[in-house]
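Note sheet for the following structure.
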Amino acid sequence: MATDLKLYFTGAGDRKINFSLPYADASATAADVKALMQGMITNGDIYSDAPTAIVKAEFVGRTVTPVTLP
């Protein structure tokens, strides 16, 4: 099973911003994830709509089934 890390932020005017990072390490601690998110806010000038506040984060498991094409 693959794990995605979904990060949720707000931006200017309470605009909702989210990121999905595939193949995340589900053993990462809450402190690790928070540090990542704070870094994204600190370096927000690389985004056209910069995140300004952390809302939440979650690990999402998904099953990936490859399709064998003829």
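Of note:
- Residue ID - nearest to residue 8 (Cα to Cα), chosen from residues in segment 45-70 that are open to solvent by 100 Å² or more (accessible area, probe 1.4 Å) and part of a loop (DSSP other than H, G, I, E, B): 48
- Residue list for segment 5-15, restricted to those being open to solvent by 80 Å² or more (accessible area, probe 1.4 Å) and either in contact (Cβ under 8 Å) with a residue 24 or more places away in the chain or touching a Leu at 6+ places or on another chain (Cβ under 7 Å) (or both): 15
- Any hit, segment 18-28, residues being open to solvent by 80 Å² or more (accessible area, probe 1.4 Å), assigned to a loop (DSSP other than H, G, I, E, B), out of contact with any Lys or Arg (no Cβ under 7 Å at 6 or more places or on another chain) and at positive phi: yes
- Residue check for residue 34: surrounded by 12 or more Cβ atoms within 10 Å (Cβ to Cβ), of a type outside the set (A, V, I, L, M), at pLDDT 90 or above and within 14 Å of the chain's Cα centre (by Cα): yes
The values are calculated or read from the model by the stated rules, or taken from the named source; none is laboratory data. The shown structure was predicted, so the numbers you read here are calculated from the model rather than taken from an experiment. Positions of Cβ are backbone-derived with ideal geometry, glycine not excepted, and every protein chain shown enters the neighbour counts. Only protein heavy atoms, including side chains, enter the accessible area calculation; ligands, DNA and RNA are left aside. Shrake-Rupley method; radii C 1.70, N 1.55, O 1.52, S 1.80 Å.
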